[in-house]
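K.L.:
Got a structure here, written out as structure tokens. Questions coming.
Please treat every number below as a calculation from the coordinates, not as lab data. These numbers come from a predicted model, not from an experiment. Cβ sites come from the backbone with ideal geometry, for glycine too, and all protein chains shown count toward neighbours.
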Amino acid sequence: MNSNKPILLIEDNPIDLDLTLRAFKSRNLTNPFHIARDGEEALEWIQKWEQGEPVPVIILLDIKLPKIDGLDVLKAIKSHPDFKTIPVVILSTSAEASDIQSAYQLGANSYIVKPVDFDKFIEVAKQIELYWNILNKPL
């Protein structure tokens, strides 16, 4: 991925947060990670970007978040004129058809059900990196 641009990881579960960071670190990803641990913290990033903070190359978003739901965070990002093109990948434990449908209707670029096993998580990290770094053509 573009190594100077950060990745925003929005995740409230400390175990899933650690697992995600370890999986990407094992891939030798050099992008810095910014972390938001609930929906409220996630929405604060919009204001930070408006004030000049680097916009992330990708957002990894859990949808089951405290304070403000992840789908509301997704809606806020995708309805912002300056940030709606940031790719958002949903990483969720939910495989509910209604969650998947809602996420795509709100503009999610991808929906991945989180694997429980670390080796499978590394494979997910590898696939995300491969897609967004090699296959996808950014604006």
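K.L.:
Expected output is a single nm value to one decimal: the length gained when fully extending between GLN105 and LYS126, i.e. 0.36 nm times separation in residues minus the C-alpha distance. What is it?
P.N.:
Here the segment from GLN105 to LYS126 would lengthen by 5.0 nm.
K.L.:
Using the Cα centre as the reference, give the magnitude of the dipole from point charges on the C-beta atoms of the chain (Lys, Arg: +1; Asp, Glu: -1; all else neutral), rounded to the nearest 20 debye.
P.N.:
520
K.L.:
For ARG22 and ILE35, compute 0.36 nm times the residue count separating them, minus their Cα-Cα distance, and round to one decimal in nm.
P.N.:
Net length gain for the segment: 3.3 nm.
K.L.:
Which one of ASN28, ALA95, ILE112 is farthest out on the positive end of the charge dipole of the chain, using unit charges on Cβ (Lys, Arg +1; Asp, Glu -1) and the Cα centre as origin?
P.N.:
So the residue furthest toward the plus end is ASN28.
K.L.:
Could you work out the pair-distance distribution P(r) of the chain from its alpha-carbon pairs, with 10 angstrom bin width and percents rounded to whole numbers?
P.N.:
It works out to 12, 46, 37, 4, in whole percents.
K.L.:
Okay, next question. Hydropathy first: keep DSSP H helices in the chain averaging at least -1.0 on Kyte-Doolittle, then drop any whose Cα extent along the axis falls short of 24 Å, and list what survives.
P.N.:
Within the chain not a single helix satisfies the rule.
K.L.:
Test of understanding: what is the full-extension gain from GLU53 to ASP119, defined as 0.36 nm times their sequence separation minus their Cα-Cα distance?
P.N.:
20.4 nm
K.L.:
Here's another thing I want to ask about it. Kindly state, to the nearest 0.05, the FRET efficiency for ASN4 paired with THR85, given R0 = 25 Å and r defined as their beta-carbon distance.
P.N.:
According to the calculation, E is roughly 0.90.
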